[in-house]
Every structure is written in structure tokens, then in C-alpha cells.
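Dumping the structure here so I can ask a few things about it.
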């Protein structure tokens, strides 16, 4: 059962919003503005690449039967310009995650390769490759180091996550949720990401049929950045002293005169339970209002001007009256506190 403190949402929403802003790019080629069968758009927003360096990547809906829109890389001829898009990273970027979906068609046993390059000022050849000659997925990194992660198959969806961290000198790669690589990054900067379809051999003469399609491209600083803002609470609550009354009672006890309001911010009528307790010095919970239920229409509220009795036997000291409201159907609970005290004499 979920418990939320009154007013906590404001700080939670702000924190989530700040974290969400660290998503640098989120690209899935929606239509509109992209048009099926036409070149992808570059509009300077985080929802498109920063630049198309060469060629003409096309937007294709439901590529190879996969739902959604895809950026499709192809070379009309081996001598033509490569297809390449680029994502700029902010100056001084220390770490990134790159996740994307990719699938190929006729890339197996071809003269083409599809590569994703993680660029640095001191090195521009670091790339994860789908190689049409070897039909394998491999990493090429600083110093000519390479690692191979098995074979790929045309018409199969692959989900790739690449993580680079300058401070930790770390590069990790996961394919379909399984980590296949963890080693040194080998660079002190991260400057950009390129996606390229090109021949893998200078003797290439069969390039026009091979394609690679990407979608759901996300570039972010931390996995937590992908979490959206928390849902808006459906319940609200106010508990406060009535004007002209006191929250300090004599040794003989008395009444705390207060107002309480329950808010239903949902689109449905709700049956809400509520009660008030306080905590005694020995940690025992003491009821100030036994549980009761009220029906609150959608988008409405329920208010009461009431009192609760503080008995004479209650030890002197400071206390907190806690009003709890619960929607038992959804499990949502919230509470509000009202401080009061009782004098010794």
C-alpha cells in the first residue's frame, strides 16, 4: 500500500523533472513531422539527430514488419556517399548511455556494414559494428583492439545499450539485456555519436540491397533519467486549526477545534476512509477519531468543522495529530499533521 506525505509531490515532481532533463536525445521518428518513405527531418530538437553528414536516411513505417517508425540506412551504390547521421554531445560531457533498437535486411553476406561510433577528441574510430562480411557484431576500439559478440541475423530485432564513462575509463555494451562487454573506454572526452552505413571493403560491388533500420534512440546520462515524472496524486488533504482557537491545552485537557478537507482530484467518485491518531510518549497509538467513510464525487471535496478531545490523563508535552485518508480501492494513502501541546499545570 502506497503512503504519500502531503506536499511531498512538489519536491518529487521537481526532482524528477530535473533528472528527466538529462535525457539528451529521444528519437523515434514520429509522423508527423516525418513522412513515410521520405528523408528524416533535422530540426535542432532532442527528437531528431543533430545533423545528417552524408547520404539520405529515410523514415519507414513498420520496417520489416516491426511496429513503429524507423530511420533506414541504405546505399544506392557502393561508390555513392555513405548514409550517416550524428548526435552532438554537450561540451564536457563525462558519461552517456546510448540505447537503440536496430534490425537489418540483406546485410548478411553483403559488402556493407552498419556502425555506431562513440567519438572523442582524441579518437574517432571507436565503433560497434554489424559487419556484412563476417555476419558478426564486433567492437573496434583504441589501439586496434576488437571484441566480437557473436553473429547477427537479418530481420531480427536487437536492443543495444552502450555506456561510456570518462571518469571511470569505462565502456560497457549490452545486447538484448545481456552485458557482453566491459573494458576501458580509452579516451578523456566524449564528443558525439555517429550512425553509418558504408562498405566494409574497398572492393565492394554489392551495396544497394543492404539496409539497417534504427528506432527508439535514447541518449542519456543515467538510467534513472528515463523515468518519467511521478503520477499526480488523486487525493488531497488539509488539516488546520480553526481561526481564533488554540493548539495549547491546559493540564485538564480540552478540545482541539479544527477544519479538515478531503480532496478527490480523480475523474471517478471515490469512497474514502479517514481517521485521526496521535502517539503517546511510550509509542502507543491513541485514536482521536475512529475510522469513518465518506463518498466524495469526482473532482470534488468534503469539508468538516470538528473537534477532537484531549483527555486530562494525557501526559504533558508536545503531540502531533495525524489525519489519514485512504482510497482502499487503489491503495493510495496520504496524511496531514497538526501539532498541539498540553501543559503540565
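FRET efficiency for residue 269 and residue 178, Cβ-Cβ distance as r, R0 = 41 Å, nearest 0.05? Can you show the working numbers first?
Details: r = 47 Å, r/R0 = 1.16.
Approximately 0.30, to the nearest 0.05.
Go ahead and set up a Gaussian network model of the chain, Cα springs under 10 Å, then flag whichever of 182, 56, 127 fluctuates most.
Evaluated over the chain, the most mobile residue of the options is 182.
For region 43-84 and region 95-125, write down the distance between their C-alpha centroids in whole Å.
So the separation of the two Cα centres works out to 13 Å.
On to the next question. With a 10 Å cut-off between alpha carbons and a GNM built on the chain, which of 309, 24, 128 moves the most?
309
While we're looking at this one, here's another question. Describe numerically, in nm with one decimal, the distance between label points set 7 Å from Cα along Cα→Cβ at residue 122 and at residue 147.
A separation of 2.0 nm, rounded to one decimal place.
Can you tell me how much longer the chain between residue 238 and residue 66 gets when fully stretched, taken as 0.36 nm per residue apart minus their C-alpha distance, in nm with one decimal? Don't jump to the answer; show the numbers that get you there.
Values: separation 172, 0.36 × 172 = 61.92 nm, distance 5.00 nm.
Extra length from residue 238 to residue 66 when fully extended: 56.9 nm.
Let me ask something else. Neighbouring Cβ atoms within 10 Å as the yardstick, rank 131, 181 fewest first. Show your work: numbers first, answer last.
Values: 131 21, 181 18.
Ranked by crowding around the Cβ, least crowded first: 181, 131.
Hey, fewest Cβ within 10 Å first, where do 306, 342 land in order?
306, 342
Based on other C-beta atoms within 10 Å, arrange 153, 277 from fewest to most.
Values: 153 11, 277 17.
Going from sparsest to densest Cβ surroundings: 153, 277.
Suppose each label sits 7 Å from its Cα in the direction of the beta carbon; what would the residue 257-residue 169 distance come out to in nanometres?
7.3
A further question on this structure: Measure off 7 Å from each Cα along the Cα-to-Cβ vector at residue 140 and residue 222, then give the distance between these two points in nanometres to one decimal.
Each label point lies 7 Å from its Cα, and together they span 3.5 nm.
Of the DSSP beta bridges with both residues in the chain, give the percent that are antiparallel, rounding to the nearest 5. Could the numbers behind the result be given before it?
Numbers: 114 of 120 bridges.
Beta bridges within the chain, antiparallel portion: roughly 95 percent.
With the chain treated as a Gaussian network of Cα nodes joined by springs under 10 Å, which of 77, 120, 290 yields the largest mean-square fluctuation?
Its mean-square fluctuation being the largest, the pick is 290.
Hey, another quick one. Give me the extension gain from residue 345 to residue 292: residue separation times 0.36 nm, minus the current Cα-Cα distance, reported in nm with one decimal. Mind dumping the intermediate values first?
Numbers: separation 53, 0.36 × 53 = 19.08 nm, distance 3.41 nm.
Using 0.36 nm per residue and subtracting the Cα-Cα distance, I get 15.7 nm.
Also: The list (1) 26.5, 87; (2) 19.7, 60; (3) 30.5, 100 gives values of Rg and Dmax of the Cα atoms in Å, and only one came from this structure; which label was calculated from it?
Label of the calculated value: (3).
Let me check against my output: what whole-number percent is the relative contact order of region 250-340, with C-alpha pairs under 8 Å and at least 6 apart?
Working: 185 pairs, mean separation 32.8, N = 91.
Contact order relative to length: 36 percent.
Quick note: the coordinates plus some simple rules give every number you see, no bench work behind them. All of these numbers come straight from a predicted model, not from anything done at the bench. Counting neighbours? That spans all protein chains shown, and the Cβs are built from the backbone with ideal geometry, glycine included.
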